[in-house]
Amino acid sequence: MTEEALKELLYKIADDQLILGHRNSEWTGVGPLLEEDIAFSSMAQDKVGHSLAFYNLLHELGEQEPDIVAFTRNADQFHNSQFVELPIGDYSFSLVRHFLYDHAELIRFNMLAECPIDEIADVAKKLKGEIKYHVMHANTWMKQLGKATEESHNKMQSALNEALPYALGMFETSEFENDLIEAGIYAGEAAIELKWKDNITMVLEESGLSLPSWNTIKPVYGGRKGKHTDHLQPLLDEMTEVFKEDPTADW
Amino acid sequence: MYGGGQVFESSSVNNELLKDEDPIKLAEFEARIARGEKIEPSDWMPKLYRKQLIRMIEQHGHSEIIGALPEGTWITRAPGFKRKLALMAKVQDEVGHAQLLYGAAETLGKSREQMIEDLISGKSKYSNIFNYPTFTWADSCFISWLVDAGAIVNQLANARGSYGPYCRALDRICAEESFHLKYGHHCVIHLATGTPKQRKMMQEAVDRWWAPMMHFFGPSDKISTHTEILTKWKVKMATNDECRQQFLDMYVPKIWELGLTIPDDKLKKNDETGEWEFTEPDWEEFKRVINGDGPLNKERLAVRRTAEERGAWVRRALAKNSEDQEYTAPLA
């Protein structure tokens, strides 16, 4: 396995977390109720914090400082899935995205916790405890809103339908996939996807939401290779607005 | 973050509410407060006490949630991981304070929903300072340091008040605000001692925010509504001028120390009286802004209103789920 393969894996994890954390922080002050405002902020902080842990791992592998990596790259240099860069939309969409993303993240981190590279395994072990709570939060709310009222059911169902093609894009494979699997770093995207489908299906059933047949959903790929929607660059422009005024300054 | 300048009822309304109170109960109530006891939700209390406390705690809660907006817009722009993570946590705290305070006010009989409705309709007020825009990163740093500092002055005073749930909420709030202050101070130090561009940005923020900061503590005692009875009942624990003086004494030297200029030629400490002297703030502007005509009053309420409307379906769903459950009063 080459270092390039490992870096690619770490970048896609870090970029997903940073961009989703940034998006979820947009709920601060405008959530549907104070308790959810606070919860989304809390999870956003965790996500951005997790991304920092992974950029630090990358820095140890010779990449630039986390601030430089996060605050100076352009959209086509980001490896996040298109799923996480989509605008927060209605709360139903943000909640469904959080549910679909965190289930995948927990599986990924459980795998990485067994990774033969100690530095990665240690970070994964430490962070997966937090992700477990994100999943619990998502499950609770999916079940609460999936069948409370006709209105909430319809909103959740249409958010789910809208999110699924993008969610499958999280599992876009990289050219280094087999190297990583052979080196025992993790079991690969297809294995995560398979387990993820099982896990979310159970919760969706309890939530009274229906899952379309998987073979009718066309995954939206491209994000892992730097191909993004029109939403990412404006997000980055905003995120880096102050930093870029003087990247050498101490803020 | 809340700095006083509360809107209290005029004394004629106060007298009207007081005249029917049972004199024996009232005397017992006042004796308890004089002994330093806390009043708890189920205790007897005069109608006027309840009314003024609801008003004050509610205004404080609203100030927290509206106060999350001017800083919140900088979360997505904060320069670097350290600032981004800290600002997210800071603004989250402010929303958490609103939750605590609405809980404290609910123990007096007004629901959170009703309070938020009164906020959106413009019936109840919030701290004036949040009606001003944060144009730059330095503006958000000014708020985190100095507006929070001002709020702590006011809140520490009120934490010694007589109503148990409000005091306990304030104890928790002040503990968190002291971290905000450290964060804000750290940010301002970096700007004020940074590159020429950063220093200019910080000075311009001080120039913009000084007048709203002086307004923050409310009108001068010479012209504000007299509130003797609220002082006696330990609802209002320090006058507007006392809070303002304490703030100036603690923070003007720190601002000057950083090489920043405060835009008031008359600002100086009188060594004989020990009091700070300054140009009298423009109280006409204060009144104009508090009555809805500030730079951003309409926008702030519109954002809040939109958030309430967009989130209404979630609250309706929760209400449906809890139809069979009994109402539980908030812990306070």
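We did not get these values from a lab; they are worked out from the coordinates using the rules stated. The structure displayed is predicted, hence computed values, not measured ones. Positions of Cβ are generated from backbone atoms using ideal geometry, with glycine treated the same way; all protein chains shown enter the neighbour counts.
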Within chain B, which whole H helices from DSSP have a Cα span along their axis of at least 20 Å and a mean Kyte-Doolittle hydropathy of -1.0 or more, if any? B:47-72, B:81-106, B:164-192, B:240-257
Using the beta-carbon distance between A:Met1 and B:Lys298 and R0 = 56 Å, what value does 1/(1 + (r/R0)^6) give for FRET efficiency, to the nearest 0.05? 0.45
Hey, can you grab everything whose amide H is under 5 Å from the amide H of B:Ser127? Only 5+ residues off in sequence or another chain; H modelled, so Pro and N-termini drop out. B:Ser63
What FRET efficiency comes out for the pair B:Arg305/A:Glu35, r = Cβ-Cβ distance, R0 = 25 Å, nearest 0.05? 0.80
Full-stretch length increase - A:Lys227, A:Ile88 - with 0.36 nm per residue and alpha-carbon distance subtracted: 48.1 nm
Treating only the Cβ of Lys, Arg, Asp and Glu as charged (+1, +1, -1, -1), what charge dipole size does the protein assembly as shown show about its Cα centre? Round to the nearest 20 debye. 1080
Under 13 Å from a label point 7 Å along Cα→Cβ of B:Glu280: give me every residue in the stretch B:223-244 with its amide N that close. B:223-224
Arrange the peptides B:271-282, A:225-236, B:153-164 so that the one whose residues have, on average, the most other Cβ atoms within 10 Å appears first. B:153-164, A:225-236, B:271-282
Determine the distance separating the Cα centre of the stretch A:88-159 from the Cα centre of the stretch B:8-78; give it in Å without decimals. 41
I want to check the label-to-label distance for A:Thr216 and A:Glu130. Put each point 7 Å from Cα in the C-beta direction and report it in nm to one decimal. 3.9
Distance in Å, no decimals, from the C-alpha centre of the stretch A:17-31 to the one of the stretch A:189-229 is 22
Karplus couplings for the stretch B:218-224 from phi (6.51 cos²θ - 1.76 cosθ + 1.60, θ = phi - 60°), rounded to Hz, Gly and Pro as x? x, x, 3, 4, 4, 10, 8
For B:Lys82 and B:His186, calculate 0.36 nm times their separation in residues minus their Cα-Cα distance, and state this gained length in nm to one decimal. 36.3 nm
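Counting Lys and Arg as +1 and Asp and Glu as -1, what is the net charge of the other residues whose Cβ lies under 13 Å from the Cβ of B:Lys298?
+1
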Quick check: the distance between the Cα centres of the stretch B:224-283 and the stretch B:109-184, to the nearest angstrom? 18
Nearby lysines by direct alpha-carbon distance to A:Lys197 (threshold 22 angstrom, same-chain neighbours under 8 apart not counted): A:Lys12, A:Lys128, A:Lys132, A:Lys143, A:Lys147, A:Lys155, A:Lys218
Here the relative contact order (percent) of chain A, from C-alpha pairs under 8 Å and at least 6 apart, is 25
Return the long-range amide H neighbours of B:Tyr163 (sequence gap of 5 or more, or a different chain), with a cut-off of under 5 Å between placed amide H atoms. B:Ile39
With the charge dipole of the stretch A:3-245 built from beta-carbon charges (+1 for Lys and Arg, -1 for Asp and Glu) about the Cα centre, the Cα from A:Val123, A:Asn178, A:Ser92 projecting farthest to the positive end belongs to A:Ser92
How shielded is A:239-248 by partner chains, expressed as the average number of their Cβ atoms within 10 Å of its Cβ atoms? 5
Would you work out the charge dipole size for chain A about its Cα centre, treating the Cβ of every Lys and Arg as +1 and the Cβ of every Asp and Glu as -1, and quote it to the nearest 20 debye? 880
Under a plain spin-label model, where a point goes 7 Å from the Cα along Cα-to-Cβ, how far apart in nm are A:Glu206 and B:Glu242? 5.5
If each of B:Arg32 and A:Asp246 carries a label point 7 Å out from its Cα toward its Cβ, how far apart are those two points in nm? 5.8
B:Trp276's amide H: which non-local residues (gap 5+, or another chain) put their own amide H closer than 5 Å, with H modeled 1.01 Å from N in plane and none for Pro or chain starts? B:Asn270
Relative contact order %, the stretch B:11-312, counting alpha carbon pairs below 8 Å whose residues are six or more apart: 20
